[in-house]
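Report on the structure given below.
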Amino acid sequence: MDEITIYTDGACSGNPGPGGWGAILIKGENKKEISGSQKNTTNNIMELTSVIESLKLLKRPCKVNLYSDSAYVVNAFLQNWINDWIKNGWRNSSKQDVKNKELWQELFFLTKKHNVIFHKVKGHSDNEFNNRCDELARKAIKDLKN
C-alpha cells in the first residue's frame, strides 16, 4: 500500500463569503499542489473540501497521514464525533442535524477507502507545508475575486 502525506487548509474572506482551499500531496520526493474556490461558502466547508479533494485524487487505496490545522475536521475523527453522528442519524450531541452532512458523508466514505490517520497541526505557525496550503487557499480566493 502506497504511503502518502497530505497537508490541507481552507480559508474564507468573511464567513460566509468567498472561500478557498489548498492542499499538498507528498509521496517520496514528489509533491503535488492543488487548490480551488467557491464564491459563497464557509471556512468549515473549505476545510472539508480540501481534505475531500485531496483524497479523491488517490487512484488506489493508500495509507495517508493527513495534517490539518482544522480542529473541526481532525477532532471529528480523533474524538469519534463522526461515528456518534452516524449512530445518531447524522445528529449531533445537541440533537440537531450535523452541518455539512453531505461533505461529512463523502469524507467518511473516502476514509473507508483509504487508511487515513489525522494529525492536528498548529495553524499559521512554523510548519512550511501548512503555511503553503494557507497561501494556496488565499490565492484561490484572490483569483476568484479578480
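Any read-out appearing in this document is the output of simple, stated calculations on the displayed coordinates, not a laboratory observation. All figures in this text were calculated on a predicted structure; none of them were measured in a lab. Here the Cβ is made from the backbone with ideal geometry for all residues, glycine too, and neighbour counts use every protein chain on show.
Put +1 on the Cβ of every Lys and Arg and -1 on every Asp and Glu Cβ in the chain; which of Asn83, Ile26, Leu55 then has its Cα farthest towards the positive end of the dipole?
So the residue we want is Asn83.
Report, in whole Å, the centroid distance computed from the Cα atoms of the range 117-138 and the range 1-69.
10
Tell me, what is the FRET efficiency for Lys112 and Asn146 to the nearest 0.05, using R0 = 35 angstrom and their Cβ-Cβ distance as r?
0.35
Looking at the range 2-145 only, what percent of DSSP beta bridges run antiparallel? Nearest 5 please.
The antiparallel fraction comes to roughly 60 percent.
Within 10 Å of each residue's Cβ, count the other Cβ atoms and sort Phe129, Phe108 from fewest upward.
The most exposed by this proxy come first: Phe108, Phe129.
Enumerate by residue number the GluC sites (Glu not before Pro) in the range 17-95 meeting two conditions: DSSP loop (anything except H, G, I, E, B), and at most 13 other Cβ atoms within 10 Å of the site's Cβ.
Glu29
In this model, which of Lys27/Lys113; Lys27/Lys112; Lys31/Lys139; Lys31/Lys63; Lys122/Lys145 are farther than 22 Å apart at the alpha-carbon?
Distance filter (> 22 Å) returns Lys122/Lys145.
Taking neighbour counts of Cβ atoms within 10 Å as a proxy for exposure, in what order, fewest first, do Tyr67, Tyr7 appear?
Starting with the residue having the fewest Cβ neighbours, the order is Tyr67, Tyr7.
How fast does the chain diffuse by Stokes-Einstein, in µm²/s, taking the Kirkwood radius from C-alpha pairs at 20 °C and 1.002 mPa s?
Rounded, D is 139 µm²/s.
Between Lys59 and His124, what is the FRET efficiency for a Förster distance of 35 Å, r being their Cβ-Cβ separation, to the nearest 0.05?
Computed FRET efficiency for Lys59 and His124 comes out at 0.60.
Stick to the Cα atoms of the range 8-84, pair each with every other, and give me the Kirkwood hydrodynamic radius in Å at one decimal.
Every distinct Cα pair counted, the radius reaches 13.2 Å.
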